[in-house]
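Engineer: I am attaching a structure below and will ask some questions about it afterwards.
The values are calculated or read from the model by the stated rules, or taken from the named source; none is laboratory data. Since the structure is predicted, the reported quantities are computational estimates derived from the model, not experimental observations. No Cβ is skipped: glycine too gets one built from the backbone with ideal geometry, and neighbour counts run over all protein chains shown. Quick note on the areas: whole protein, heavy atoms, side chains included, nothing else; ligands and nucleic acids left out. Shrake-Rupley method; radii C 1.70, N 1.55, O 1.52, S 1.80 Å.
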Amino acid sequence: MTPATRQKVLGLYRKILQIAKNWQSASGQTEETMREKEYIRNEARTLFRKNKNVTDPKLIKQCIEECEARIEIGLHYNIPYPRPIHLPPMGLAHKQGRTLRHQEKLRKMSKPIYLKSHDEVS
């Protein structure tokens, strides 16, 4: 990891911790605010520790983009949790075969960047 990339990653981590410190839930309830603050800290800690040994520059760039996207979406909607994707169920695919594999591939490709690591951790 280059020093510039390292600084960017550490800056993102500090930014997330600062957001968690100043977080206010949409409802304004104290217990919900505390729960959301704890979620933000735990999610950041888990994902940053999981990716601390990543050395591939493309993968590092993808992780940084995901982090930035989750920060922007969380601040915009005032919801710390990842927003679910709304894809139609795989109703037309057969239970096996090329069509199902093709639909699964399309679903994987259509997953938003801010949800890439969510399924791996959850």
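Engineer: Per residue and in cubic angstrom, what volume does the convex hull of the Cα atoms of segment 3-85 have? Before the final figure, lay out the partial values.
Structural biologist: Working: hull volume 7.7 nm³, N = 83.
Roughly 93 Å³ of hull volume per residue.
Engineer: Turning to a different aspect of this structure: What order do L47, L17 take when sorted by accessible area (1.4 Å probe), most exposed first? Before the final figure, lay out the partial values.
Structural biologist: Details: L47 25, L17 65 Å².
The most accessible residue leads, giving L17, L47.
Engineer: For T33, what is the net charge nearby, where nearby means another residue's Cβ is under 14 Å from its Cβ and Lys, Arg count +1, Asp, Glu -1?
Structural biologist: Numbers: positive: K21, R35, K37, R41; negative: E31, E32, E36, E38.
Within the 14 Å Cβ shell, the charges total 0.
Engineer: Of the options V54, M34, I64, report the single residue whose Cα projects farthest towards the positive end of the charge dipole of segment 25-72 (beta-carbon charges: Lys, Arg +1; Asp, Glu -1).
Structural biologist: Value: V54.
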